[in-house]
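Trainee: My questions all concern the structure below.
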Amino acid sequence: MRPRIEALDVDAMDWAPLGPAGLYSKLLSRDPETGARTALQRLCPADGYETPKVAHFHHTYEEILGVEGDFSFDSRLWVKPCTYVFHPPMTVHGFKSAIRSESLFLSRVGRDLDFNFVPEPAKTELYTVEGAAPPRTPVAMRDPIAERGWVPTDFLGHAARVCMLSVDPDTGEGSAFAQLPAGWASRTHELPAYVEMFVMEGGLAVDGGATGPRHAYFFYPPAERISKLSTPSETLLYVNFGAAIGF
């Protein structure tokens, strides 16, 4: 299981080159047993980054949230801030990748990525290879909030609004945006499944302290105490959860 991480200042971290020119990463958390990890990735054409030329798939899921910039896997849906993409295992993508400007995106995978190239894909839109039947279907939403809207709900014991992004119908594991009003404060101290959060806008204060940094990152393992969190101003979170957590 990944370690507990609270209010990690992602913007203050150094970029690490990943190998191909112009591709950089900030590793936010990783499970040493499974290889599952969350990272902030940077695509920099000025440093020589070139998009992949051939479609491919992975044997694990790939979840992507646009943070800055403008790039695409198919030259139709462009990943911009708050764009959400979910590729279940064995999902063919990357049909006509392109990039318009330096881009940052949050990347989540379930194990170390492998690349299986498909020179002649059967389609030019997301599809899973023959024989694969993942419970979570592929998702690609340019503006999820506009497409799905907000639903009033409870988040960590206090009223908020959520926009559901993708959920596994078997396990309840999934992702959502959570919009927390100014003055929101958590009341739940622990949950049976992990909770992972990335601040998109606004900020979270921990145990009554100063507001955390922009793009702060949190990971709480299952059944571990969640600190008292609060919002001095309206805050937008990207939330991942290991099972249904009461939305």
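Trainee: For segment 110-166, how many residues are within 16 Å of the chain's Cα centre (by Cα) and without any contact (Cβ under 8 Å) to a residue 40 or more places away in the chain?
Mentor: Total satisfying the criteria: 1.
Trainee: Going by the structure shown, is residue 194 open to solvent by 20 Å² or more (accessible area, probe 1.4 Å), at pLDDT 95 or above and within 18 Å of the chain's Cα centre (by Cα)? Give the steps one after another, and end with the answer.
Mentor: On the way: open to solvent by 20 Å² or more (accessible area, probe 1.4 Å): yes; at pLDDT 95 or above: yes; within 18 Å of the chain's Cα centre (by Cα): yes.
It is true that residue 194 is open to solvent by 20 Å² or more (accessible area, probe 1.4 Å), at pLDDT 95 or above and within 18 Å of the chain's Cα centre (by Cα).
Trainee: Across segment 224-247, which residue is nearest to residue 207 (Cα to Cα) among those that are touching a Phe, Trp or Tyr at 6+ places or on another chain (Cβ under 6 Å), not in a strand (DSSP E or B) and not hydrophobic (A, V, I, L, M, F, W, C)?
Mentor: Of everything passing the filter in segment 224-247, 231 is nearest to residue 207 (Cα to Cα).
Trainee: Please specify each residue of segment 216-240 satisfying the condition of being open to solvent by 10 Å² or more (accessible area, probe 1.4 Å) and of a type outside the set (Ser, Thr, Tyr).
Mentor: Once the filter is applied, which keeps residues that are open to solvent by 10 Å² or more (accessible area, probe 1.4 Å) and of a type outside the set (Ser, Thr, Tyr), segment 216-240 yields 221, 222, 223, 224, 225, 228, 232, 234, 236.
Trainee: Name every residue in segment 127-146 that is of a type outside the set (D, E, K, R), modelled with pLDDT of 95 or more and not in a strand (DSSP E or B), in order of residue number.
Mentor: Within segment 127-146, 144, 145, 146 qualify.
Trainee: Find all pairs meeting these conditions: Cβ atoms under 8 angstrom apart; at least six residues apart or on different chains; first residue within segment 199-210 and without any contact (Cβ under 8 Å) to a residue 24 or more places away in the chain; second residue open to solvent by 20 Å² or more (accessible area, probe 1.4 Å) and assigned to a loop (DSSP other than H, G, I, E, B).
Mentor: 207/228; 208/228
Trainee: In the set 6, 50, 33, 102, which member is acidic (Asp, Glu), more than 19 Å from residue 165 (Cα to Cα) and in contact with a helix residue (DSSP H, G or I) (Cβ under 7 Å, 6 or more places away or on another chain)?
Mentor: Being acidic (Asp, Glu), more than 19 Å from residue 165 (Cα to Cα) and in contact with a helix residue (DSSP H, G or I) (Cβ under 7 Å, 6 or more places away or on another chain) holds for just one of 6, 50, 33, 102, which is 102.
Trainee: What residue, among those in segment 101-145 that are small (Gly, Ala, Ser) and surrounded by fewer than 14 Cβ atoms within 10 Å (Cβ to Cβ), is farthest from residue 69 (Cα to Cα)?
Mentor: Across segment 101-145, the extreme among qualifying residues is 131.
Trainee: Which of the residues belonging to segment 160-172 are more than 16 Å from residue 138 (Cβ to Cβ) and either surrounded by 17 or more Cβ atoms within 10 Å (Cβ to Cβ) or modelled with pLDDT of 95 or more (or both)? Even if it seems obvious, please write down each step before you answer.
Mentor: Within segment 160-172, the subset more than 16 Å from residue 138 (Cβ to Cβ) is 160-163, 170-172.
Scanning segment 160-172 gives 160, 161, 162, 163.
Trainee: Filter segment 26-55 down to residues that are surrounded by fewer than 17 Cβ atoms within 10 Å (Cβ to Cβ) and among the hydroxyl-bearing types (Ser, Thr, Tyr), then give me how many there are.
Mentor: Total satisfying the criteria: 2.
Trainee: Among the residues of segment 147-170, are any more than 27 Å from residue 246 (Cβ to Cβ) and in a loop (DSSP other than H, G, I, E, B)?
Mentor: Checking segment 147-170: not a single residue is more than 27 Å from residue 246 (Cβ to Cβ) and in a loop (DSSP other than H, G, I, E, B).
Trainee: Report those strands (runs of 3 or more DSSP E) wholly inside segment 33-114 carrying at least 2 residues which are farther than 21 Å from residue 236 by Cβ.
Mentor: It comes to 37-43, 55-57, 62-72, 98-109.
Trainee: Name the residue that is nearest to residue 102 (Cα to Cα), counting only residues in segment 8-29 that are under 16 Å from the mean Cα position of the chain (by Cα) and not charged (D, E, K, R).
Mentor: 25
The values are calculated or read from the model by the stated rules, or taken from the named source; none is laboratory data. A quick note: this is a predicted structure, and the numbers were derived from the prediction, not measured. In this analysis, Cβ positions are derived from the backbone assuming ideal geometry, glycine residues included, and neighbour counts consider all displayed protein chains. What goes into the accessible areas is simple: the full protein's heavy atoms, side chains included, and nothing from ligands, DNA or RNA. Shrake-Rupley method; radii C 1.70, N 1.55, O 1.52, S 1.80 Å.
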